[in-house]
1. Given (1) surrounded by fewer than 23 Cβ atoms within 10 Å (Cβ to Cβ); (2) touching a helix residue (DSSP H, G or I) at 6+ places or on another chain (Cβ under 6 Å), identify the lone condition not met by A:C62.
2. Output the residues belonging to segment B:84-109 that are surrounded by 24 or more Cβ atoms within 10 Å (Cβ to Cβ) and more than 7 Å from chain A (Cβ to nearest Cβ).
3. Are any residues in segment B:103-126 assigned to a helix (DSSP H, G or I) and either closer than 17 Å to B:I408 by Cβ or within 23 Å of the chain's Cα centre (by Cα) (or both), and if so, which ones?
4. Among the residues of segment A:67-87, which ones are more than 7 Å from chain B (Cβ to nearest Cβ) and farther than 27 Å from B:R104 by Cα?
5. Give the number of residues within segment B:124-144 that are closer than 22 Å to B:P389 by Cα and of a type in the set (V, I, T).
6. I'm trying to understand the selection: among the residues of segment B:4-38, which are among the acidic types (D, E) and surrounded by 18 or more Cβ atoms within 10 Å (Cβ to Cβ)?
7. Looking at B:V191, B:V259, B:V170, which is the one that is surrounded by fewer than 24 Cβ atoms within 10 Å (Cβ to Cβ), aliphatic (A, V, I, L, M) and within 25 Å of the chain's Cα centre (by Cα)?
8. What helices (runs of 4 or more DSSP H) lie completely within segment B:11-86 and have 1 or more residues being farther than 23 Å from B:T227 by Cβ?
Amino acid sequence: MSDTTKPVERRFKIAHREAWIGVLLAVINIAWWYGFAYSLGSKPPEEYSYILGFPAWFFWSCIAGFVVMVILVVIVVKFVLVDMSLENEEEEREEGGDPS
Amino acid sequence: MNWDVLLPLVLLLVVIFFIGVWSNRKMVKSSSFITDYFLGSRELGGLVLAMTMVATYGSASSFLGGPGAAYTIGLGWVLLAMTQVATGYFVLLVLGKKFAIVARRYRAVTLIDFLKERYQSKSVVLLSALSIIIFLFAAMAAQWIGGAYLIQSITGLTYTSALFVFAIAVLIYVIIGGFRAVAMTDTFQGVIMFVGTLLLLIGVVIAGGGLDQIFSDLMNENPNLITPYGQDGQLTALYVSSFWILVGVGVIGLPQVAVRAMSYRDAKSMHRALIIGTIVVGFIMLNMHLIGVFARPVLPGIEVADQVIPLIALEVLPGWLAGLVLAAPLAAMMSTVDSLLLLVSSSVVKDVYLNYVKPEASDKHIMKVSMGVTGTLGIGVFFLAINPPELLIMLNLFAFGGLEAAFIWPVVLGLYWKYGNKYGALASMITGIVSYIVIFQYNSTYGDLLGVHAVVIPVVLSLVAFVTFSLLIKRKAYYFPRG
């Protein structure tokens, strides 16, 4: 039983991909948050423009950033994540032919 | 103090009491006491899962300390608080389905059950149990103190009687209802927080004369208040960004959060929880901290940060509504305390007692011990909180960062990296805790090392320790057993 011959379970493969999506979402979140806050926000406050009553840096970074993350999470949940059983019995049925 | 304000608070206590009784009834019918008491029989649906994650995590600091800091520091602190949006999706996605599947195979009820099976090491179990018991006990005590202060400031009771009211309220439903009661009350409390913060925000904006007026008042007082850099320009981009680790992605290492990632019923529940959780946590954090900033022109000159929210609520809202809104921080504290209490209790009962003292205990015996331990811990916290010792306060400061640095890699890499082994896990936990305490002390004396929050360097060091020791000592690939 060496490292290379052991197949990764089907459900684990999907789970691994979904975990990476979580990391990707966090990276996008951080980039968006940081980018708007410290580009628009580094001007002197007298020169700030305002959107819906909020300073533009804050609006884009914190308010729009939050909305964008919600939309991305909804997209990921609806179109990317896979519905699967988490129970033990199911697996034996699904992967009954898998020798190990 | 008038009854308008008190009535909603009393109602809150009555409702959660009934949730406790209901959960206890449900528990009697379940097949395994221990899985039900400490994990709600793994049957949380999407809404409850999302709410219990948010509520466990959003503690007194988010509802009193956080807005208080925003009051002093300005929009920069709201920016910092928004790093917490990540907790809504990150933990559930990254621990994800693999954690849920593996937990079922291991029949894991606590985070330590997972670590025990994965690393097959008594030292890992005892070290984890010890750090959970010590750190979370302290964190819990700090929340009790906060809860008692809040009740005191609203009702005018003495500190000790306020503490007593808080203790009785929490203990009853946690002791009899277990995890399900905790999760259900968290949901109820989460809804209160959600509605409460929205109402208060609207109230403050109206009292302040609209957003334009509020921002021009802030601008006139101190333009730094509306920049990302804090009232004295003290918040560097690097420092604020390091909170992504402390309160954003690093939360994955907190045992009370991670255990919830193995409590859901099925993949659908997890999917729903991702959406609900992200919305709720972002909404509450944004509103709550904005309230803190907006309170400044409305009610200038508040000295004690924790009083900003109670005072502003009483100022801008009618009495009964203020009572409802103030139920939110109380709910937040209770929902954190209840989870911590149950987690510490599960570490004592499941991880230590059942593993090493009396493995063949009967279900009935386990039930007595579980409820007994939960009750004893609660009473212990009560007496410590009456006159909190210095050490307790210090341990609380270390609690979150210390636990994150200790557990993040043993959990995440234990799940995803086959070469992770017990030597790596032990090295990682010891490195994480020790370096966090050392760097925390160093930072409070000499200023932040490398300009980042104390949690960042220990998280990196514990990663290095985990990988190095796993590869150096008895390197061997690990495969999860088939179900």
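The values are calculated or read from the model by the stated rules, or taken from the named source; none is laboratory data. In this text, all values refer to a predicted model and were calculated from it rather than measured experimentally. Virtual Cβ from ideal backbone geometry, glycine too; neighbours counted across all protein chains shown.
1. (1)
2. Matches in segment B:84-109: B:Q84, B:T87, B:G88, B:V91, B:L92, B:L95, B:F99, B:A103, B:V109.
3. Hits for segment B:103-126 are B:A103, B:L111, B:I112, B:D113, B:F114, B:L115, B:R118, B:Y119, B:V124, B:V125, B:L126.
4. A:V67, A:V68, A:I71, A:L72, A:I75
5. Residues meeting the conditions: 3.
6. B:D36
7. Step by step, each of B:V191, B:V259, B:V170 is checked, and only B:V191 is surrounded by fewer than 24 Cβ atoms within 10 Å (Cβ to Cβ), aliphatic (A, V, I, L, M) and within 25 Å of the chain's Cα centre (by Cα).
8. By residue number, B:33-39, B:46-57.
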